[in-house]
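As structure tokens, the structure follows; a few thoughts come after it.
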């Protein structure tokens, strides 16, 4: 039997609750937001209407009654025509009744995937290349999920049920780890915030979606490994250039996306000043002797760009080759989770080196050498300690030195 009910959904910042209509038939349902809001104390849960003694109750209830009337008429017509009033059928008819001609683009409800692409396009001039690539990846995951489950993903269908099924899809079908899943959920919530502010979305169920994150093992080079790599004799010009780019990042803490922006004009009195690609902040970094040596190596013939930076994908590929040549072959055991399943891997260290390893190396070694965290954050451009902390690997050496400072006997 078909049923129509009205409920209060999530509140906005003014503690006004959206009124949601739910149609259900044979265990299946669809939800529609009425665009009406009210205070919780004004809602009569038994009658599923706004109490008469509250301002605006007559107009709100009239609009709710009209929606219910349209829906029930569709159900009666379907019954007269011997058509099962399934939610998919009723929802389609309802939208056509509310918005008029289905070919009228102005009256059609906003399409989630179209709005997502609009969001990506609007962000392209404000966000970095890697961020936009992540946005596109999330949109593709939503499209693939839709094809796999044969369920249309719309603004109205983004609820806790969708959240659980989408996460399950990312775990079982895409074989993603929890941090990757959390990244997709975070991007989805960012987009839905955009769509809500724009007025394309009124469903606030996504506010309860949890962004799962797990602390991962920090891969970095020790000081001995970094200096060994810096002075390593290499026959390959390609690997020499990759080594210099990577080591320069290790000695400055720069993101990979900023390395190709370094020019001689950015350097004065041994200090590098650079506007970052990701945050558009101006970083001021004192260059140590090792960084200056790399820069001098690439400007001796009059070059103004230094050194030559290749794509991130190729760089990561060549870094593993470089790490193998440098004999960074200690076995590293890593533990990750996909859902509740523990995934353990063990591989040589050189297989885990990426461009991001350089930034982690800079932060860890700087702290190991006694830099104050706020000084390191000023050089790396980190604005909050919680984000910065993810880059830190507190080594056994540091723990031992700190313990000896506090409890070591005077000699």
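Numbers below:
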read-out	value
Pairs with Cβ under 6 Å, 6+ apart, first in region 38-61 and on the phi > 0 side of the Ramachandran plot, second modelled with pLDDT of 90 or more and crowded, with 17+ Cβ neighbours inside 10 Å	48/6
Unique match (being assigned to a loop (DSSP other than H, G, I, E, B) and at pLDDT 85 or above) among 47, 41	47
Tabulated pairs, region 180-209, first without any contact (Cβ under 8 Å) to a residue 24 or more places away in the chain, second part of a helix (DSSP H, G or I) and crowded, with 17+ Cβ neighbours inside 10 Å, C-beta under 6 angstrom, 6+ apart or interchain	189/206
Which listed residue is surrounded by 13 or more Cβ atoms within 10 Å (Cβ to Cβ), more than 38 Å from the chain's Cα centre (by Cα) and in a helix (DSSP H, G or I), from 75, 90	75
Wholly enclosed strands (runs of 3 or more DSSP E) of region 271-379 bearing at least 2 residues surrounded by 15 or more Cβ atoms within 10 Å (Cβ to Cβ)	271-275, 282-286, 331-338
Criterion: touching a residue at least 12 places away in the same chain (Cβ under 8 Å), closer than 21 Å to residue 375 by Cα and assigned to a helix (DSSP H, G or I) - qualifying residue of 246, 251	251
Verdict on residue 85 being closer than 20 Å to residue 161 by Cα, surrounded by 14 or more Cβ atoms within 10 Å (Cβ to Cβ) and modelled with pLDDT under 90	no
Residues located in region 135-166, provided they are crowded, with 16+ Cβ neighbours inside 10 Å, under 29 Å from residue 313 (Cα atoms) and touching a residue at least 40 places away in the same chain (Cβ under 8 Å)	135, 138, 141, 142
All positions within region 106-147 that are assigned to a helix (DSSP H, G or I) and modelled with pLDDT under 85	129, 130
Residues that are exposed (fewer than 12 other Cβ atoms within 10 Å of the Cβ) and under 20 Å from residue 151 (Cβ atoms), drawn from region 9-59	26, 27, 28
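Conditions tested, residue by residue: (1) closer than 17 Å to residue 202 by Cβ; (2) at pLDDT below 90; (3) in the same structural domain as residue 187 (by TED's automatic domain parsing).
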{"site": "30", "(1), (2), (3)": "yes, yes, no"}
{"site": "57", "(1), (2), (3)": "no, no, no"}
{"site": "67", "(1), (2), (3)": "yes, no, no"}
{"site": "72", "(1), (2), (3)": "no, no, no"}
{"site": "91", "(1), (2), (3)": "yes, yes, no"}
{"site": "104", "(1), (2), (3)": "no, yes, no"}
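Residues are listed down the side, and each one gets a yes or a no for (1) more than 14 Å from the chain's Cα centre (by Cα); (2) within 30 Å of residue 325 (Cβ to Cβ):
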{"residue": "168", "(1), (2)": "yes, no"}
{"residue": "175", "(1), (2)": "yes, no"}
{"residue": "192", "(1), (2)": "no, no"}
{"residue": "197", "(1), (2)": "yes, no"}
{"residue": "201", "(1), (2)": "yes, no"}
{"residue": "212", "(1), (2)": "no, no"}
{"residue": "232", "(1), (2)": "yes, yes"}
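The values are calculated or read from the model by the stated rules, or taken from the named source; none is laboratory data. A quick note: this is a predicted structure, and the numbers were derived from the prediction, not measured. Ideal geometry is used to build each Cβ from the backbone, glycine not excepted, and the neighbour counts take in all protein chains shown.
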